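Novice: One structure, pasted below without further comment.
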Amino acid sequence: MIGTASWLFWALLSAVFAALTAIFAKVGIRGVDSDLATLIRTGIIGVVLSLFVWLGGKWSNPLQLSGKTWLFLGLSGIATGLSWACYFRALQMGEASKVAPVDKLSLVLVAVFAVIFLGERPAPREWLGIALVACGVVVLAFKR
């Protein structure tokens with residue numbers, strides 16, 4: 001059963017919101033530079049997450065975090081910003097129903113990077129699912 005403490009519950013919600021992100025963004029970027037649209041979106045995300053942290057009583061002094069934490073959160077933030085900028089540019093040029101699935105090639109890359117950098121070992125069944133995602137991306141990305 002999916003409970004609120006389950007990673008699967010939160011991952012499914014993430015997928016729903018990611019899908020809505022693509023649809024809302026596709027409508028919202030009409031007639032707007034994609035980089036400006038990404039900046040506006042990022043500002044809104046900052047406000048929403050600040051409210052979550054503050055209202056949830058989760059604020060702590062970020063200056064007390066380790067240098068390693070700052071480094072990797074910083075790198076993650078840079079990667080996120082670049083990903084969003086590329087995603088919005090792709091959405092502006094292409095159809096959301098094609099851009100979003102190709103963006104999910106990140107799932108395949110996460111699995112490969114997790115093996116290389118984190119020492120994770122997906123089971124053969126999991127590799128099959130990852131390979132099917134990769135095949136789906138190829139089918140969607142390359143038209144005849």
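Novice: For the chain, which whole-number percentage of the solvent-accessible area (1.4 Å probe, protein heavy atoms only) is attributable to carbon and sulfur atoms?
Specialist: Values: 8180 of 11060 Å².
Carbon and sulfur together cover 74 percent of it.
Novice: Also, quick follow-up: Determine the sum of side-chain charges near Val108: Lys and Arg each +1, Asp and Glu each -1, restricted to other residues whose C-beta is under 15 angstrom from that of Val108.
Specialist: Residues near Val108 contribute -2 overall.
Novice: Loop only by DSSP, 12 or fewer other Cβ within 10 Å of the Cβ. Give me the chymotrypsin sites (Phe, Trp or Tyr not before Pro) in segment 65-139 that pass, ordered by residue number.
Specialist: none
Novice: Given (i) 21, 18, 15; (ii) 31, 22, 10; (iii) 27, 24, 16, which label gives semi-axes √(5λ) of the Cα gyration tensor in Å as computed from the coordinates?
Specialist: Among (i) 21, 18, 15; (ii) 31, 22, 10; (iii) 27, 24, 16, the one derived from this structure is (iii).
Novice: Next question. Can you count the Lys pairs in the chain with C-alpha separation below 29 Å, eight or more apart or on different chains?
Specialist: 7
Novice: Let me check I've understood the local charge: for Leu91, count other residues with C-beta under 12 angstrom from its C-beta, Lys and Arg +1, Asp and Glu -1. What total comes out? Show your work: numbers first, answer last.
Specialist: Details: positive: Lys26, Arg30, Arg41, Arg89, Lys98; negative: Glu95, Asp103.
Once positives and negatives cancel, what remains is +3.
Novice: Got a sec to turn the phi values of segment 57-73 into Karplus ³J(HN,Hα) couplings, 6.51 cos²θ - 1.76 cosθ + 1.60 with θ = phi - 60°, whole Hz, x for Gly and Pro?
Specialist: Once θ is set to phi - 60°, the couplings for segment 57-73 become x, 9, 5, 9, 5, x, 6, 8, 6, 5, x, 5, 4, 4, 4, 6, 5 Hz.
Novice: Suppose only helical runs count, i.e. DSSP H with n ≥ 4. What mean residue ellipticity at 222 nm does that imply for the chain under -39500 (n - 2.57) per run, divided by all residues and rounded to the nearest 500 deg cm²/dmol? Walk me through the numbers on the way to the answer.
Specialist: Values: 6 runs with 106 residues, N = 144.
Using -39500 (n - 2.57) per qualifying helix, the result is -25000 deg cm²/dmol.
Novice: A further question on this structure: With every protein chain kept in place and ligands, DNA and RNA left out, what is the accessible area per residue of the chain? Probe 1.4 Å, answer in Å².
Specialist: Using a 1.4 Å probe on heavy atoms only, each residue of the chain averages 77 Å².
Novice: Continuing with the same structure: Karplus couplings for segment 97-102 from phi (6.51 cos²θ - 1.76 cosθ + 1.60, θ = phi - 60°), rounded to Hz, Gly and Pro as x?
Specialist: Ordered by residue, 3J(HN,Hα) equals 5, 9, 5, 4, x, 5 Hz.
The values are calculated or read from the model by the stated rules, or taken from the named source; none is laboratory data. Please read all numbers here as calculations on a predicted model, not as lab measurements. Reconstructed Cβ throughout: ideal geometry from the backbone, glycine too, with neighbour counts over all protein chains shown. Just so you know, the surface numbers come from the protein's heavy atoms only, side chains and all, with ligands and any DNA or RNA stripped out. Shrake-Rupley method; radii C 1.70, N 1.55, O 1.52, S 1.80 Å.
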